[in-house]
């Protein structure tokens with residue numbers, strides 16, 4: 001089974017990678033948009049309908065995702081699950097939004113529900129109707145079968161295609177991966193930082209990894 005003993009190091013690595021990808025996406029999108037604006041200013045032909053459909057209003061939006069997650073870790077069995085997310089995001093511009101959301105993961109083979117509470121970031125590369133799309137959710141998951149309990153870190157980066165219907169409504173199709181940590185017992189280790197070695201106990205953390213496909217709408 002896949003252990004994650006250095007949880008802080010793993011979280012830092014995933015966070016830095018996601019931050020790098022997000023920065024590249026936003027920078028590239030802005031460059032393309034500036035180029036398109038320059039071309040439009042130099043042209044005598046205007047297309048009001050296109051502009052209306054590809055721009056987006058700043059402000060609060062709801063984002064809803066429905067999908068399915070397929071087992072990735074070979075040492076676990078029957079961990080496929082149905083995915084549902086709802087998030088409240090603030091749209092900063094035509095490319096970027098972020099906010100917080102609550103999800104549901106239904107493990108149908110075990111008849112069990114998990115509830116990830118996440119911070120999420122979403123970005124489009126282009127301001128056109130169709131655009132490559134990137135999102136990531138980072139947070140913690142709660143288990144409620146035996147009362148509310150903190151289960152572990154959840155991380156869900158996704159890539160896909162976004163279709164903007166108008167300035168208010170946007171559809172997206174994504175493919176990605178979800179890391180879901182769970183504690184699975186404890187392990188003893190010896191600390192040699194002192195003259196007299198001391199024995200400490202720490203939890204063993206496993207990853208219920210899964211491929212993710214989903215379809216969503218923002219409005």
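The values are calculated or read from the model by the stated rules, or taken from the named source; none is laboratory data. All of these numbers come straight from a predicted model, not from anything done at the bench. Reconstructed Cβ throughout: ideal geometry from the backbone, glycine too, with neighbour counts over all protein chains shown.
The table below lists the values:
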| quantity | calculated |
| --- | --- |
| Residue count, the range 91-109 (criterion: part of a strand (DSSP E or B) and under 14 Å from residue 170 (Cβ atoms)) | 3 |
| Some residue of the range 104-113 being out of contact with any helix residue (DSSP H, G or I) (no Cβ under 7 Å at 6 or more places or on another chain), free of Cβ contacts under 8 Å to residues at least 60 places away in the same chain and over 18 Å from residue 68 (Cβ atoms) | no |
| Inter-residue pairs, beta-carbon under 9 Å, first within 16 Å of residue 119 (Cα to Cα) and in the range 65-92, second not in a strand (DSSP E or B), 6+ apart | 90/58; 91/56; 91/57; 91/58; 92/58 |
| Unmet requirement for residue 155, which otherwise passes all of (1) surrounded by 18 or more Cβ atoms within 10 Å (Cβ to Cβ); (2) part of a strand (DSSP E or B); (3) out of contact with any strand residue (DSSP E or B) (no Cβ under 6 Å at 6 or more places or on another chain) | (3) |
| Members of the range 39-76 that are farther than 22 Å from residue 167 by Cβ and at pLDDT 70 or above | 66, 67, 68, 69, 70, 71, 72, 73, 74, 75, 76 |
